[in-house]
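**Q** There's a structure below that I have some questions on.
The values are calculated or read from the model by the stated rules, or taken from the named source; none is laboratory data. Keep in mind that this is a model prediction, so the values were computed, not measured. Reconstructed Cβ throughout: ideal geometry from the backbone, glycine too, with neighbour counts over all protein chains shown. In case anyone asks, the SASA skips ligands and DNA or RNA and just uses the protein heavy atoms, side chains included. Shrake-Rupley method; radii C 1.70, N 1.55, O 1.52, S 1.80 Å.
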Amino acid sequence: MAFPASSDQYEPPRLTPAVLWLLVCNVAVYFVQVTVHKGMPALLGFQYGDFRDGAPWTALTYMFVHGGFWHLALNMYMLWALGPRVERTMGTRAFTFFYAFCGLGGALFHALFVSHDALLIGASAAIFGVLVAYAMRWPDDEVYLFLVVPMRMKWFALFMIALNLGLGALSAKSGEGGGVAYMAHLGGVAFALLYLLRPSAPSVDRLRQRVAAAPDLSDDPPRPVPRSLPRPRERQSEVDEVVEQSKALTLNKPPRPVVPPPPPPRPTLTAASRQEALNLVLDKISEHGLDSLTQDERRLLEEMSRKLRNG
């Protein structure tokens, strides 16, 4: 199976931390299996009775043991081809949990639908989970089935799921699986869908947005973008707020002191007019008395009296 360039600008896979460690661990365990300890499958493989016998960890360790070179090579090729892009999308920690979660799904389906004495080994259940995640994220990538038949990734994933479903049903009916854990593969698929589609998990669309390619920039000069105008209700509320603030300032403002207007300037009197005014004041005194005089008339009388005394 090959992965040529696609509409999503596919790049050759570059090893990511989790994928690298999974590859190293699987190859190292297989090396120990064929050179030092040939009983590794029985030691690390999973069986239903392991829960009863106090070895529940085999539900995870079975993923690192393989039945032969081609079994290991096919699984590790799929992990190398699909895993890095999925890990970059999810993040290393989330991808590691997802990989183990799909492996646990394979162990659960194997325990439920396969004979209890059947031994489960291989990373195929977790690899099928990675395949589902890849197909949901990049459904239109083109792959080559048997290096000959071009297929979209979504159709390839559906083909593999349908093939395992059919062969799993036949093996369950006949009681012979030919050494292939079809039901464990389907368990990896089911747990992958459970993880990817659960409401609290990052949705595929959100993952798509995180790794979306940057948009192409045009050669046109940048244009100013007008700011959006406020809505009529918002504008009216802003005006009302300004009016209320102005009223509050007006009410809190101390009153200005009232300054009385300056008295009008007194007209300058000539000597003749002064004498005439004095005669009028004297006539007023003779008729109404001294108390009837105004301040100006009193001032004029005192001024003329002073001049007469000084004169």
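**Q** Give me the number: length gained by fully extending residue 243 to residue 306, i.e. 0.36 nm times residue separation minus the C-alpha to C-alpha distance, one decimal in nm.
**A** Contour length minus Cα-Cα distance gives 16.2 nm.
**Q** Under the rule of at least 5 residues apart or a separate chain, name every residue whose amide H is placed under 5 Å from the amide H of residue 145.
**A** Amide H neighbours of residue 145: 151.
**Q** Another question, then. So if R0 is 35 Å, what FRET efficiency would residue 154 and residue 70 give, r being the distance between their Cβ atoms, rounded to the nearest 0.05?
**A** 0.85
**Q** In segment 63-90, which residues have a backbone nitrogen under 14 Å from the label point lying 7 Å from residue 25's Cα in the Cα-to-Cβ direction?
**A** The answer is 63-66, whose backbone nitrogens lie closer than 14 Å to the label point.
**Q** Something else: Give me the 1.4 Å probe accessible area per residue for segment 269-311, excluding ligands and nucleic acids, in Å².
**A** Heavy-atom SASA per residue in segment 269-311 reads 78 Å².
**Q** How much length, in nm to one decimal, is gained on full extension between residue 48 and residue 77, taken as 0.36 nm per residue of separation minus their Cα-Cα distance?
**A** Gain in length upon complete extension: 7.6 nm.
**Q** Then there is this: For segment 66-75, just list the computed ³J(HN,Hα) in residue order, Karplus coefficients 6.51, -1.76 and 1.60, θ = phi - 60°, integers in Hz, with x standing in for Gly and Pro.
**A** 10, x, x, 5, 5, 4, 5, 4, 5, 5
**Q** Tell me the accessible surface of residue 292 in square angstrom (1.4 angstrom probe, heavy atoms of protein chains only), to the nearest ten.
**A** 40 Å²
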